[in-house]
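Here is the structure we will look at.
The values are calculated or read from the model by the stated rules, or taken from the named source; none is laboratory data. What you are looking at is a predicted structure, and each value in this text was computed from that prediction instead of being measured. Note that we place each Cβ from the backbone using ideal geometry, even for glycine, and neighbour counts take in every protein chain shown. Surface accessibility is based on the protein's heavy atoms, side chains included, excluding ligands, DNA and RNA. Shrake-Rupley method; radii C 1.70, N 1.55, O 1.52, S 1.80 Å.
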Amino acid sequence: MPITQEAVKTLSAQLYDWSLRRVPDDTKDALRRARATETHEGAQRVLEIMLGSALRAEQTDRFVCSDAGVPVFRVTLGANARWEGDLKAAIVEGFDELVGRIQPPLLKHVTNPLTNERGYKGKDMPLVTWEVESGVDWIEIACQPKALGSGRWAQAETFSFPSLADIEAYVMKAVMQAGSQHCPPVIIGVGIGGSFDVAAKIASKATYRAIGSVNPEPVLAAMEERLLHAVNATGFGPMGTGGDTTALAVHVDYSAGHGYTPVAICFNCWINRRTRARIHADGTVERME
């Protein structure tokens, strides 16, 4: 049975809606751990406020933050999946319908970069990237709205044959430039190698990884540990109040490339908005996190 355009439209709209009202479980757990180990009194209070806000949003079905960001989707097509209709159109239609009915209403965050005019529609909006997964018959849709605070401070730079120390120094340079303006404690994604666009995609995808998961590449696992320690040693702390908790996680991945090596860095704010679900061949929807 083919996966329908209507099913993709409905699910993509739901994922965006869900992401605005609930902080992921792994993120709430990380905030609790940070609260237990934080030594700065002001930072302790901020972490308590964050946890309280997350729980109240779930209990009252409200947004965790008024900056709902812009809709960003990553769609993974199973190589054995069958579908009907226009999947990109389905995601556009789902967002358009959601704008008309969602409560509280969304603010007009979609911006034309040539005119700075703001609204709900725009060229290539929602933003969608596509991947293919071999040997499966489902379609997976992941939603990660990008708000101004975290989105503004993403960076990328291309190096020639950099050392690991060079890469880590660049990550820390980006961290210092962002300061506390990306609403920490943040999740940091780092993409190394490939081409310019591939590195950025890797960095973004790395932020989807569960907090507390171990990188299967030992070199990267060690890099993540060093970077997390270094970021938290900056002392920016939750929302810039000072303290030990500027990041909840640093996730790094890489791709082979040429001698030129792009390095991309992106941030998710403390809310860590991300939702994910699969539509299986029989039409069932499997919600994931």
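Details
- The orientation-averaged projection of the convex hull spanning the C-alpha atoms of segment 76-182 amounts to 10.8 square nanometres.
- Here r is the Cβ-Cβ distance between Glu117 and Gln181 and R0 is 25 Å; the resulting FRET efficiency, rounded to 0.05, is 0.55.
- With a simple spin-label model that places each label point 7 Å from the Cα along the Cα-to-Cβ direction, the separation between Thr60 and Met288 comes to 3.3 nm.
- Gap separating the Cα centres of segment 90-131 and segment 255-289, nearest whole Å: 20 Å
- Reachable lysines from Lys88, criterion Cα separation under 27 angstrom, eight or more residues apart if same chain: Lys9, Lys108, Lys121, Lys123, Lys146, Lys201, Lys205
- Summing Cβ point charges (Lys, Arg +1; Asp, Glu -1) relative to the Cα centre of segment 177-289 gives a dipole of roughly 240 debye.
- Counting only aspartates and glutamates at least 8 places from Lys28 when in the same chain, those with an alpha carbon closer than 18 Å to its own are Glu38, Glu48, Glu58, Asp61, Asp244, Glu289.
- Accessible solvent surface per residue of segment 1-93, calculated while the other protein chains remain in place, 1.4 angstrom probe, Å²: 46 Å²
- Rounded to 5, the percent of DSSP beta bridges in the chain classed as antiparallel: 65 percent
- Over segment 94-179, Cα pairs under 8 Å with separation of 6+ residues give a relative contact order of 15 percent.
- Bridge orientation summary for segment 30-182: considering DSSP beta bridges with both residues in this region, about 55 percent are antiparallel.
- Cα centroid of segment 217-239 to Cα centroid of segment 1-75, whole Å: 23 Å
- Residues in segment 225-243 that a label on Glu41 would reach, taking backbone N under 15 Å of a point 7 Å out along Cα→Cβ: 242-243
- The distance between label points at Tyr260 and Thr4 comes to 4.8 nm (points 7 Å beyond Cα on the Cα→Cβ vector).
- Farthest toward positive dipole pole in segment 20-105 [+1 Lys/Arg, -1 Asp/Glu at C-beta], among Ala89, Gly78, Phe63: Phe63
- Potential extension, Phe196-Ser53 segment - 0.36 nm per residue separation minus Cα distance: 47.8 nm
- Per residue, in Å², the accessible surface of segment 158-277 once ligands and nucleic acids are set aside, probe 1.4 Å: 40 Å²
- The relative contact order of the chain, computed from alpha carbon pairs under 8 Å that lie at least 6 residues apart in sequence, is 27 percent.
- Relative contact order (%) - criterion: Cα under 8 Å, at least six apart; region: segment 1-132: 35 percent
- Among the helices of the chain, those built from whole DSSP H runs whose Cα atoms reach 27 Å or more along their own axis and whose mean Kyte-Doolittle hydropathy is at least -1.0 are 41-60.
- Net lengthening on full extension, Glu133/Ala210 (0.36 nm per residue, minus Cα-Cα): 25.8 nm
- Candidates Asp86, Asp137, Asp67: whichever shows maximal mean-square fluctuation once the chain is modelled as a Gaussian network with Cα springs under 10 Å: Asp86
- Length added when fully stretched, Asn80-Asp29, from 0.36 nm per residue minus Cα-Cα: 14.8 nm
- Of all DSSP-defined beta bridges confined to segment 133-289, some 70% are antiparallel rather than parallel.
- By the rule of a C-alpha distance below 15 Å, with chain neighbours fewer than 8 residues away ignored, the aspartates and glutamates paired with Lys173 are Glu157.
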